[in-house]
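Here the structure is laid out as structure tokens; the discussion comes afterwards.
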Number of protein chains: 2
Amino acid sequence: MKLGKTGNNKFLKQFNETSLLELIRLNKQISKADLAQLTGLSPTACGVIVSNLLEKGYIREAGIGISKGGRRPNLYELNPKSYYSIGVDIDVDYIRFILMDITGNVEYRDMISSRFDQSVSESIAFIEKKVRQIIERNAIREDRLLGVGVSVPGMVDNVTHEVIFAPNLGWERVDLESMMSGMGNFPIYVDNEAICSAISENWIGCCTEQRDFVCINMKSGIGSSIFADGNLYRGCSGSAGEIGHIMVDHNGPKCACGNYGCLETLVSSRSMVEKAQKLVRQGLIADFSDELDINSINSIDFIIDAVKAGNESARVILVEAAGYLGLAVANLINTINPSRIVLGKELVKFSEDILEHMRNIALAKALKYPASRVEILASELGEDSSALGAAIVPLKKLFGHRL
Amino acid sequence: MKLGKTGNNKFLKQFNETSLLELIRLNKQISKADLAQLTGLSPTACGVIVSNLLEKGYIREAGIGISKGGRRPNLYELNPKSYYSIGVDIDVDYIRFILMDITGNVEYRDMISSRFDQSVSESIAFIEKKVRQIIERNAIREDRLLGVGVSVPGMVDNVTHEVIFAPNLGWERVDLESMMSGMGNFPIYVDNEAICSAISENWIGCCTEQRDFVCINMKSGIGSSIFADGNLYRGCSGSAGEIGHIMVDHNGPKCACGNYGCLETLVSSRSMVEKAQKLVRQGLIADFSDELDINSINSIDFIIDAVKAGNESARVILVEAAGYLGLAVANLINTINPSRIVLGKELVKFSEDILEHMRNIALAKALKYPASRVEILASELGEDSSALGAAIVPLKKLFGHRL
């Protein structure tokens, strides 16, 4: 890394400070001499920046390192519990909240059921109240809050950051960043939920070493996000990765978008729940209706539980969905040629044999060569991945990363 | 652009020289003073580099510019016919050759029919002979040949540059770069044909201003390439964009890859020709067989000509193919969110009404928002796009571009 000389230039100073902070993060613990060597800055210039970072509280002393000739140097590291960020993940039936410190440590997490027949402003009021509570109960100084990241299940314009369309929330053209800006003297960052998951997989999950990967999230709908050549790929207007409406079955059911056989009509928690309800209602599957009351089938968990209890009809629902998902995954393997595909949100609830079925179809339908280079795995961050990613967005900003 | 100080560092010197050359290319004509201002190098350092570039012959003086105070400056520009590159595009039934000078000007082009029942080494011998002819007949000094770019209809590994698999040529694991390295004292660059087309569209075609675009080429097979955020996107092992084997019809014909309803079985010159031959052979389409002898149906041109002559059955073949292509294009719009999709190779032969049919299906099947941001158009570079792109590869190297 070659940095500019420090001087009176405010932007250059900020750039050098950000770069040193990122080097401290990446190296965990590091001396001024090593920072000088890595950056090409003079030891004096590094000393000034380190003093600034100490004074602002971002970093702290971390003991004494090994001598490389001369006296043993002081080491520096990120200062835990100094600065914070908040991540909010909005979905149809819940909102998740994460409080994270500058080191990526989760200080607090919560999930609250929500009713999204509320208006946008009611929803925002609800979120704002909860964010204020988190700030107060954790005694966080507002100048130490780096920002609030908000994850939404919809398309977000990559220039204006407006939520273009979040069909499952019934939102269209919602400028969430502006609407939430009154919350406090800290920035708000709105992004798509699959993109937030990719951010967390790349920062603290299973893709910290991957340059080309895809995250597929299933919940009320299904969407994906693409990391290409080490960076988020957003497309020309921010909607890259929207695989929910690729056609996987000509003869499939009609979709809300007007077409037939969209992936989302066959692989989403909503579509699977509807399928289960329908079969029970029609009395077509006796063993299924015996076990479950139709009113209690309102979440994929009931299908998952029924499968665990040995119900074959419930299993067929998952197997069919896994098959269609396999087709979509094959398309992504051919088109994107990723080294990893990470399955997130409610897909982590699928049992290993169902996932294996999906993998087999995906790898059989994809071209041999890219299929031999890809790993398909369930996220270890589970259903929190988007909330975590939303909380990481302000950290990425602090450490000078592209978003 | 901030460049390093010139000095004894060979790499830094090369870097600065490359950067100045690129600035001269981009600005068409430019003075030393403006180069110094754009790069942050001293006027003296710029003067030294410009002298080197003049001496090597890359640039020439281009008259006198406008005074910005002081005397009117000398301008410099790329020196046409100084350095050259050759592009070779290998396909099943022809090989195309392009000789291009440093300014991107095409000095010579040729297309030769070929029979690819030949062995790889026979094919290479044939290409080498032709390349030597081009060099000799155009009196090109070997030290002025920047390299030979070779475009192949198959997957090319992005690290080893080996041709992994080119099914329509019957090639598997062919290290073309090594095999052709004996041709002369200049580098050989092997790349995928759709990627070569994207390179030419971005350098001299309709995508010089686009950061996110997709090129779709149809010939013996069908493939695509992706420009993401201003750079070629190759995926983790070089096969990104291989859309020929995405499934577009469950009930479609069996593909050589073992699956059913791959795009290539429905949209490729080969599949359309086979369809025409079959219909004629079965006597199912009288008006079609009246006009055309079955033996003469060996290229898509015959179908195109029949449509022009008003043959409805031939038209149905194109309309069906255009419909399936529309589905694949819709997938790409949703997944990649490009600002442009450029249709190349034999797709440029489709008449505007057939293309309009395809566009209508693609835009109806895609999500509204990304569909509203994309333009779908036929390449103006026509069937030469890959040969041109192959010739541009050595130029990109010279001007310091990522490949």
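Throughout, read-outs are computed from the coordinates displayed, never taken from laboratory work. Please read these numbers as outputs of a predicted model, since none were measured by experiment. As a convention, Cβ positions derive from the backbone with ideal geometry for all residues, glycine included, and neighbour counts pool all protein chains shown.
Quick notes on this structure:
- When A:Q133 is represented by a point 7 angstrom out along its Cα-to-C-beta vector, the spacings to that point in the other copies are 8.1 nm, nearest first.
- Residues with amide H under 5 Å from that of B:Y76, placed H, sequence gap 5 or more: B:I30, B:S31, B:A62
- Efficiency of FRET from Cβ geometry, B:N9 and B:S178, R₀ 35 Å, rounded to 0.05: 0.65
- Order of A:S197, A:S372 under a 10 Å beta carbon neighbour criterion, fewest first: A:S372, A:S197
- The long axis of helix A:120-137 is offset from the longest Cα principal axis of chain A by roughly 50 degrees.
- Think of chain B as having a plus end and a minus end, set by charges on the Cβ of Lys, Arg, Asp and Glu; of B:S313, B:G258, B:P80, B:P80 sits farthest toward the positive end of this dipole.
- Counting only lysines at least 8 places from A:K349 when in the same chain, those with an alpha carbon closer than 21 Å to its own are A:K219, A:K275, A:K308.
- From its DSSP helices (H runs of at least four residues, each -39,500 (n - 2.57)), chain A gives a residue-normalised ellipticity at 222 nm of -12500 deg cm²/dmol.
- In loop segments of the range A:40-137 as defined by DSSP, the trypsin sites (Lys or Arg not before Pro) with at most 12 further C-beta atoms inside 10 Å of their C-beta are A:K68, A:R71, A:R115.
- With contacts taken as Cα pairs under 8 Å and at least 6 residues apart, the range A:10-78 reaches a relative contact order of 35 percent.
- Peptide ranges B:361-370, B:201-210 listed from the most packed, as the mean C-beta count within 10 angstrom indicates: B:361-370, B:201-210
- Axis angle, to the nearest 10 degrees, between helix A:193-203 and the longest C-alpha principal axis of chain A: 50 degrees.
- Each other copy holds its own label point for B:E122; taking that point as 7 Å from Cα along Cα to Cβ, the gaps run 7.7 nm, nearest first.
- Counting Cβ atoms of other protein chains within 10 Å of each residue's Cβ and taking the mean over peptide B:323-336 gives 5.
- Rounded, prolate or oblate (a/c below 1.5 giving rounded, otherwise prolate when a/b exceeds b/c) for the protein assembly as shown by Cα gyration tensor: oblate
- Reported value for chain B: 167 Å³ per residue, from the convex hull of its C-alpha atoms.
- Measuring nothing but how far apart in sequence close Cα pairs (under 8 Å, 6+ apart) lie, relative to its length, the range A:84-195 scores a relative contact order of 25 percent.
- Taking 20 Å as the straight-line reach from the Cα of B:K365, the lysines in range (excluding those fewer than 8 positions away in the same chain) are A:K254.
- Here's the picture: charge each Lys and Arg Cβ at +1 and each Asp and Glu Cβ at -1 in chain A, and of A:N158, A:I95, A:N217 the one pushed furthest to the positive end of that dipole is A:N158.
- Cα pair count fraction exceeding 19 Å, expressed as % - the range B:24-90: 36 percent
- Of all lysines in the structure, the ones whose alpha carbon falls short of 24 Å from that of A:K28, not counting any fewer than 8 places away in one chain, are A:K2, A:K13, A:K56, A:K68, A:K81, A:K396, A:K397.
- The range A:90-248: C-alpha gyration tensor shape, a/c 1.5 cut-off, then a/b vs b/c: oblate
- In nanometers and ordered shortest first, the copy-to-copy spacing of the A:S299 label point, defined 7 Å from Cα toward Cβ, is 6.4.
- Of the peptides B:155-161, B:393-399, the ranking by mean beta-carbon count within 10 Å, highest at the top, reads B:393-399, B:155-161.
- Dipole of the range A:10-78, positive end: most advanced residue of A:A33, A:G70, A:L53 [Cβ charges, Cα centre]: A:G70
- Value of relative contact order over chain A, rounded to a whole percent, pairs C-alpha under 8 Å and six or more apart: 15 percent
- The range B:213-380: mean projected area of Cα convex hull, nm²: 10.3 nm²
- Closest approach of any chain B Cβ to the axis that rotates B onto A belongs to B:A228, 3, distance given in whole Å.
- Charge tally in the Cβ shell below 13 Å around B:N202, where Lys, Arg are +1 and Asp, Glu are -1, B:N202 excluded: 0
- Helix A:269-281 and the longest principal axis of the Cα set of chain A meet at an angle near 20°.
- Averaged over A:360-372, number of beta-carbon atoms from partner chains that fall within 10 Å: 4
- Mean partner shielding of peptide A:227-233, defined as the number of other chain Cβ atoms within 10 Å of each residue Cβ, is 4.
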